[in-house]
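I have placed the structure first, in the form of structure tokens, so that the comments after it can refer back to it.
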Amino acid sequence: MADSPIRVRFSPAPTGYLHVGGARSALFNWMYAQRTGGTMVLRVEDTDADRSRPELIKAIHDNLAWLGITWDEEYLQSDRFDQYRAAAQDFLDRDLAYRCDCSQDDVKARFEASGEQGGYDGHCRDRNVQPGEGVVVRFRTPDSGVTAYDDIIRGRVEFDNATLEDFVIVRSSGVPLFHVANAYDDLDMGITHVVRGEDLVNTVPRVLLLRQAMLGPDRQDTPPPVFAHLPLIVNEKRQKLSKRRDDVSVGDYAARGYLPEAMRNYLLTLGWGPRDGGEEIRPIEELVAQFDLADINAAPAFFDVKKLDHFNAEYIRALPVEEYIERVQPFLEDTDVGPIDPDLFGRMAAFVQGRVRLLSESASFLDWVVGEPREPSEKDWNKVMGNSEEKLAMTGNVLDRVAERLADCDWTPEALEAVVFGVGEELETKTQMSVRMALSGARSGIPLFEPMAELDRHVVIGRLRAARAKL
RNA sequence: GCCCCCAUCGUUCAGUGGCCUAGGACACCUGCCUUUCACGCAGGCAACACGGGUUCGAAUCCCGUUGGGGGUGCCA
């Protein structure tokens, strides 16, 4: 893989399951690495001991693997605390940082009293605070000038240094904050492209300032990484997808019967489209071949589950039927009508495959074959069976006659079709709908005669008679 | 409040000064196919937020307005 100097990284914090936004960031990094033959680094940013949950790292691995996203190197920031601390100490030694014993309440109170700009006011800059309880380390930001960078998606972004507060780089617990870890690792790991969500843009000046400080006066010509801040993925209210109110867990989508290829392909259409303007649903290799960070949109994109569903349905239909059967297995065990016999499903699979949007919907097409007919709504029942004397009488005739003929015909789909349609010709009416309703309790579904042949003769006749009685 | 970003059909991507009476896809609507549904096919609806510039010419460049969003932690 690593035959080009490009190095990208995906840096999740293990504070929750992988969500679609994170997956999209990982995916775009991966796409770029694939395209350029670069190296993909997975860097777990677990510097917040209170919120990080190590057991989630495995889940992140699994979700990424599910999506087919691979990585070449992996690091855990908690393994590298000593290095970050050393960097912070070096800042202290060089007077680029200082200790501060202001409580968060103090900082807030002074900010409110001043009515001026937000954040920390530099109170401890020259107080020469010594190490101790409740003491943090703050980075001394420049009071004037501008920190700017060129975003490959957004163009030049500038920040007035005067608006940057002296931010905390080491907690009172002695554990460094993510800015330091981030700046240190990107430098140390030789990251060339930082591709991540737009919500991180305003951490750039801080990270850049830290990086310059780490580089020292002699190495200032070391170029910063190329930044690419991906547009946010938003909900229908145009807000950033949130774990609390939106469906964002990649694992949940997997559990609901989405195919990873479909999810991956769909995610790629959010903020990006193939350069050649061709189909958006296509093999990942074709998409990789024309992927470029510079082509990514800057505007937020709505996560449209309907469109995702369409992608998923397309991908399901495109599967060879054997593969569809294999992939659907996990969804056959725990259904509303109990486990579905794999052999039966195998025989019906081709009919089901073309009709589902989610793998998990598959079983519902066979509910009446495995269990009892559904309870139809009155509206559906009337619509099919008739809402006039005349129509009801006809339906009764159909049901009677079909039940009669079924008593001693061959029990094959072809024979059943011949009986049902034969009655229709005799009575000069359509017969499939009423038979379907009698047997399945639904107006629509997979073709009728094949599943019908799976049922026992007496069951079919029983259902026809029961429906007749209900007319 | 302050900082930063964004602005083409309902949605998404295209369009980088003339090829735009703005194109594709999803969604929606209509028909065709089919003794169900789905698929497929044909067609339809539907957008350059607003106001100023720049220019022979602006969806495309600049400024402003409005609207939306993100950030503003000893979270990442």
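General observations
- Folded to 0 to 90 degrees: helix A:342-353 orientation relative to chain A principal axis, Cα: 80 degrees
- Between 0 and 90°, nearest 10: helix A:389-406 axis offset from chain A longest Cα axis: 80 degrees
- Under the combined filter of DSSP loop state and at most 13 neighbouring Cβ atoms within 10 Å, segment A:374-464 retains these trypsin sites (Lys or Arg not before Pro): A:K430.
- Where only C-alpha atoms are counted, convex hull volume of chain A per residue in Å³: 199 Å³
- Euclidean distance between Cα centres, segment A:383-414 to segment A:195-249, Å: 67 Å
- Estimated from the Cβ-Cβ distance and a Förster radius of 25 angstrom, the FRET efficiency linking A:K379 and A:V459 is about 0.45.
- At an R0 of 51 angstrom, the distance between the Cβ atoms of A:E236 and A:L471 translates into a FRET efficiency of 0.70.
- Sequence-separation-based contact order of segment A:246-324, relative, with Cα cut under 8 Å and 6+ spacing, percent: 38 percent
- Were the residues from A:V157 through A:A255 laid out at 0.36 nm apart, the gain over their Cα-Cα distance would be 31.2 nm.
- Axis of helix A:81-93 versus longest Cα principal axis of chain A: the two differ by about 30°, to the nearest ten degrees.
- Remark: segment A:8-115 projects, on average over all directions, an area of 10.2 nm² (convex hull of Cα atoms).
- Segment A:132-235, Rg to Rh (Cα coordinates; Rh as Kirkwood inverse mean 1/r): 0.98
- FRET efficiency for A:R125 and A:A299, using Cβ-Cβ distance with R0 set to 45 Å, rounded to 0.05: 0.65
- From largest to smallest, the equivalent ellipsoid semi-axes obtained for segment A:37-77 from the alpha-carbon gyration tensor read 21, 14, 5 Å.
- Global form of segment A:381-432, assessed from the alpha-carbon gyration tensor, a/c cut-off 1.5: prolate
- Entry note, chain A: relative contact order of 12 percent, from Cα contacts under 8 Å with a spacing of 6+ residues.
- Antiparallel DSSP beta bridges within chain A, as percent of all bridges there, nearest 5: 45 percent
- Within segment A:203-296, trypsin sites (Lys or Arg not before Pro) in DSSP loop having at most 11 other beta-carbon neighbours inside 10 Å: A:K237, A:R238, A:R244, A:R245
- Alpha carbon convex hull of segment A:150-293, volume per residue in cubic angstrom: 192 Å³
- If you count Lys pairs in chain A whose Cα atoms are under 21 Å apart, skipping same-chain pairs closer than 8 places in sequence, the total is 16.
- Its Cα gyration tensor gives segment A:169-224 an equivalent ellipsoid. The semi-axes, each the square root of 5 times an eigenvalue, are 18, 16, 10 Å from largest down.
- Rh by Kirkwood over Cα pairs, then Stokes-Einstein D for segment A:269-372 at 1.306 mPa s and 10 °C, µm²/s: 100 µm²/s
- The distance between label points at A:E314 and A:E55 comes to 3.9 nm (points 7 Å beyond Cα on the Cα→Cβ vector).
- Debye equation applied to the C-alpha atoms of segment A:321-362, log10 I(q)/I(0) at 0.17, 0.18, 0.23 Å⁻¹: -0.37, -0.42, -0.71
- Computed over segment A:256-326, the ratio Rg/Rh where both radii use C-alpha atoms and Rh is Kirkwood: 1.00
- Neighbour cut-off at most 14 other Cβ (10 Å), DSSP loop, trypsin sites (Lys or Arg not before Pro), segment A:82-152: A:R94, A:R125, A:R127
- For segment A:72-177, the Stokes-Einstein estimate of translational diffusion at 25 °C and a viscosity of 0.890 mPa s comes to 157 µm²/s, using the Kirkwood hydrodynamic radius over alpha-carbon pairs.
- Contact order, relative form, for segment A:378-470: 35 percent (alpha carbon pairs under 8 Å, 6 or more residues apart, mean separation divided by residue count).
- Segment A:43-59-segment A:169-183 distance, computed between alpha-carbon centres (Å): 15 Å
- Radius, Kirkwood style, for segment A:378-470 when every pair of distinct Cα atoms is counted (Å): 13.0 Å
- With at most 15 other Cβ atoms within 10 Å, longest stretch of chain A clear of loop GluC sites (Glu not before Pro) (DSSP): A:1-115
- Taking each residue as 0.36 nm, the span from A:D343 to A:Q290 lengthens on full extension beyond its C-alpha to C-alpha distance by 14.8 nm.
- Placing a pseudo-label 7 Å from each Cα along the Cα-to-Cβ vector at A:T15 and A:A418 gives an inter-label distance of 7.0 nm.
- Where the Cα pairs of segment A:195-238 fall when distances are cut into 10 Å bins, in %: 24, 40, 23, 9, 4
Laboratory data are not the source of any read-out in this text; all were calculated from the coordinates shown. Being a predicted model, the structure only gives us computed values, none of them experimental. FYI the Cβ positions are ideal-geometry reconstructions off the backbone, even for glycines, and counts take in every protein chain you see.
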